[in-house]
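A.B. asks: Following this message is one structure expressed as structure tokens.
The values are calculated or read from the model by the stated rules, or taken from the named source; none is laboratory data. Note that the structure is a prediction, hence the values are computed from the model and not measured. In this analysis, Cβ positions are derived from the backbone assuming ideal geometry, glycine residues included, and neighbour counts consider all displayed protein chains.
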Amino acid sequence: EKGLRVQDKGFLNTAVIRSEITYIDGEAGVLRYRGYPIEQLASHSSHLESAYLLIYGSLPTREQFKHFESEVMRHGVMHADTEGFFRSFRYDAHPMSMLTSAFSMLGSYYSEANPSLQGQRLYTNGDQASLATMDRQIYRLIGKATALAAMAYRVRQGRDFVTPPVGLSYTGSFLYQMDHLGEENYTPNPVLEKALDVLFLIHADHELNASCTTVLQTASSLVDPYSAIAAGCASLYGPLHGGANEAVIRMLVSIGSPENVPAFIEAVKRREKTLSGFGHRVYKTSDPRSFIVRKTADEVFKVTGRDALLETAMALHDAAMKDEYFIKRKLAPNVDFCGLIYRAMGFPMDFFPVLFVVPRVVGWLAHWRQMMLQEGGVKIWRPRQVYVGAGKRDYVPVEQRV
Ligand code: SDX
């Protein structure tokens, strides 16, 4: 193991790939998709248009976007058997465990997507046929992510799944399928639809975060993209990553009111509690998305009314941002306070990480496509270790063991 250095815990300062997709400057609080600042995309673009940008590298022409959108929406319909799959879960199963399993199940419908069945070179030779096969999986996964999420929601309520009418936007179609407010004939609310679209857009990609790394690690063995996406979904479920948006609300509910914030902050400093929604491996200043979340929240609360938890959240934010313990550790709010918006929109708490997965499927696919087409083909990701265990020793028969 000459020359191997343990990159400490959690890949600190380790780059494993060259990428043209997303740029983050953690010191300056900059986030750009293919060079376009996230603030400009959040103001002028849509989730699906930014999805095209992330995956194919340029903003689409009208024609390109029309084709992309119609393919994604067309592939958004699910096979009727899928409902049975969801109904096999316990009534109170967490939607993220359902969704993780569902992505893997989805792959079983599309053997054309499986390099083990179609031959190793399926995605990596870049010819027209393999590019078209790759595109179909991309359309299916983005399109079906909303349907799978809605199924994970509705089966838990014992409600049948609804197929959305043609002509709704991607986010509108998702809200229709969810019908989470129980209005059987869903009437689109343009403010909420736009707000969710902006939140989807800013969640679409974030370079090599834990779940994207998991997708690429898995895909590096040339498994099909559905299995790789299922692995990424499992990683995002964790409370240190995508599960944090649910943890933030549970934290705010447990604090209860602004008066209890100082005691909570002290408990965090004694490492008895974690301040979910704060801190980031890359951003050492505020996450630029947190400002977009704040602006979107103002829009949504005008429609839904302010959430009582907001006062506690603001008190927590202000207390942490001026406390030496957090300043010294460069801890600032990250994107996961968006849970306040999801709660105001009426989504159940354990569904918040699902609202992170649906848009992040785009980023995972953009990096997957980039890796499949990379110069020199795909190398399996197989890091090394520095062995610090026992030296050579001989077997001891059980009667001689103490
Ligand atoms: C996302 O990577 C991405 O890009 C992720 C993401 C994306 O879009 O994909 O941005 C989405 O996952 C955002 C992060 C959501 N997670 C949370 O909000 C959970 C709370 N945050 C922490 O768990 C933590 O900040 C991490 C996991 C986000 C980052 O952890 P790191 O980079 O490993 O940093 P660390 O744990 O080494 O922390 C450095 C110091 C430590 O103190 P010391 O031991 O040096 O004294 O800061 C402390 C930590 O204890 N610290 C916190 C803290 N986060 C870090 N202390 C209290 N509360 C926190 N939230």
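A.B. asks: Please count how many residues of segment 322-349 are buried (at least 19 other Cβ atoms within 10 Å of the Cβ) and either touching a Leu at 6+ places or on another chain (Cβ under 7 Å) or not polar (S, T, N, Q) (or both).
C.D. replies: Count: 16.
A.B. asks: Output the residues belonging to segment 259-285 that are closer than 23 Å to GLN40 by Cα and surrounded by 15 or more Cβ atoms within 10 Å (Cβ to Cβ). Before the answer, list the steps.
C.D. replies: Step one: list which residues in segment 259-285 are closer than 23 Å to GLN40 by Cα, which gives 280, 282-285.
Answer for segment 259-285, where residues must be closer than 23 Å to GLN40 by Cα and surrounded by 15 or more Cβ atoms within 10 Å (Cβ to Cβ): HIS280, VAL282, TYR283, LYS284.
A.B. asks: Grab the helices (runs of 4 or more DSSP H) fully contained in segment 76-166, keeping just those with 3 or more residues being out of contact with any Ser or Thr (no Cβ under 8 Å at 6 or more places or on another chain) and closer than 30 Å to GLU375 by Cβ.
C.D. replies: So the answer is 128-154.
A.B. asks: Report whether or not ARG289 is in a helix (DSSP H, G or I) and either crowded, with 22+ Cβ neighbours inside 10 Å or within 18 Å of the chain's Cα centre (by Cα) (or both).
C.D. replies: Yes: the conditions hold for ARG289.
A.B. asks: Pairs please, first residue from segment 231-250 and in contact (Cβ under 8 Å) with a residue 40 or more places away in the chain and assigned to a helix (DSSP H, G or I), second anywhere and acidic (Asp, Glu) and near the ligand (Cβ under 8 Å from one of its atoms), Cβ atoms under 6 Å, 6+ apart in sequence or on different chains.
C.D. replies: Listed pairs, sorted by first residue: ALA244/ASP336; ASN245/ASP336; VAL248/ASP336.
A.B. asks: If you scan segment 239-268, which residues turn out to be within 8 Å of the ligand (Cβ to nearest atom) and over 24 Å from VAL358 (Cα atoms)?
C.D. replies: Hit for segment 239-268 is VAL268, nothing else.
A.B. asks: All but one of (1) without any contact (Cβ under 8 Å) to a residue 24 or more places away in the chain; (2) in a helix (DSSP H, G or I) hold for PRO262, so report the exception by its number.
C.D. replies: Failed condition: (1).
A.B. asks: Exactly one condition in (1) assigned to a helix (DSSP H, G or I); (2) touching a His at 6+ places or on another chain (Cβ under 6 Å) is not met by GLY346; state its number.
C.D. replies: Single failed check for GLY346: (1).
A.B. asks: A further question follows. Would you point out the residue of segment 205-225, among those that are within 9 Å of the ligand (Cβ to nearest atom) and outside any helix (DSSP H, G or I), that is surrounded by the fewest Cβ atoms within 10 Å (Cβ to Cβ)?
C.D. replies: Step by step, filter segment 205-225, then rank; the result is GLU207.
A.B. asks: Same structure again: How about segment 210-248: which of its residues are within 17 Å of ASN334 (Cα to Cα) and hydroxyl-bearing (Ser, Thr, Tyr)?
C.D. replies: Applying the first criterion (within 17 Å of ASN334 (Cα to Cα)) to segment 210-248 yields 210-211, 236-248.
Matches in segment 210-248: SER211, TYR237.
A.B. asks: Scan segment 340-356 and tell me whether some residue there is more than 16 Å from the ligand (Cβ to nearest atom), small (Gly, Ala, Ser) and farther than 23 Å from VAL16 by Cα.
C.D. replies: Looking through segment 340-356, at least one residue is more than 16 Å from the ligand (Cβ to nearest atom), small (Gly, Ala, Ser) and farther than 23 Å from VAL16 by Cα.
A.B. asks: Right, something else. Would you check which residues across segment 378-402 are surrounded by 14 or more Cβ atoms within 10 Å (Cβ to Cβ) and not aliphatic (A, V, I, L, M) and list them?
C.D. replies: The answer is TRP381, and nothing else.
A.B. asks: Filter segment 18-40 down to the residues that are more than 15 Å from the ligand (Cβ to nearest atom) and surrounded by 14 or more Cβ atoms within 10 Å (Cβ to Cβ) and list them by number.
C.D. replies: ARG34, TYR36, PRO37, GLU39
A.B. asks: Also, quick follow-up: Going through VAL357, VAL396, VAL362 one at a time, which residue ends up being more than 22 Å from GLY10 (Cα to Cα), at pLDDT 95 or above, in a helix (DSSP H, G or I) and hydrophobic (A, V, I, L, M, F, W, C)? Before the answer, list the steps.
C.D. replies: Working: VAL357 fails: more than 22 Å from GLY10 (Cα to Cα); VAL396 fails: in a helix (DSSP H, G or I).
Just one listed residue meets the conditions, VAL362.
A.B. asks: Mind telling me which of the residues ARG154, ARG140, ARG121 ends up being of a type in the set (D, E, K, R) and under 20 Å from TYR52 (Cβ atoms)?
C.D. replies: ARG140
A.B. asks: Keeping to segment 170-184, report how many residues are surrounded by fewer than 20 Cβ atoms within 10 Å (Cβ to Cβ) and either within 16 Å of the ligand (Cβ to nearest atom) or in contact (Cβ under 8 Å) with a residue 40 or more places away in the chain (or both).
C.D. replies: Looking only at that region, the number is 2.
A.B. asks: State yes or no: is ALA228 small (Gly, Ala, Ser), within 15 Å of the ligand (Cβ to nearest atom) and modelled with pLDDT of 95 or more?
C.D. replies: no
A.B. asks: Checking TRP368 against (1) buried (at least 23 other Cβ atoms within 10 Å of the Cβ); (2) near the ligand (Cβ under 10 Å from one of its atoms), which single condition isn't satisfied?
C.D. replies: (2)
A.B. asks: I would also like to ask the following. Across segment 294-330, what is the total count of residues that are charged (D, E, K, R) and outside any helix (DSSP H, G or I)?
C.D. replies: Residues that pass the stated criteria total 6.
A.B. asks: Does GLU63 satisfy the condition of being touching a Ser or Thr at 6+ places or on another chain (Cβ under 8 Å) and more than 20 Å from LEU201 (Cα to Cα)?
C.D. replies: no
A.B. asks: While we're looking at this one, here's another question. Of the residues VAL396, VAL402, VAL388, VAL358, which single one is of a type outside the set (Lys, Arg) and in contact (Cβ under 8 Å) with a residue 60 or more places away in the chain? Give the derivation first.
C.D. replies: Working: VAL396 fails: in contact (Cβ under 8 Å) with a residue 60 or more places away in the chain; VAL402 fails: in contact (Cβ under 8 Å) with a residue 60 or more places away in the chain; VAL388 fails: in contact (Cβ under 8 Å) with a residue 60 or more places away in the chain.
From the options VAL396, VAL402, VAL388, VAL358, the qualifying one is VAL358.
A.B. asks: OK, next. Out of curiosity, is THR187 in a loop (DSSP other than H, G, I, E, B), polar (S, T, N, Q) and free of Cβ contacts under 8 Å to residues at least 24 places away in the same chain?
C.D. replies: Here the answer is yes, as THR187 does meet what is asked.
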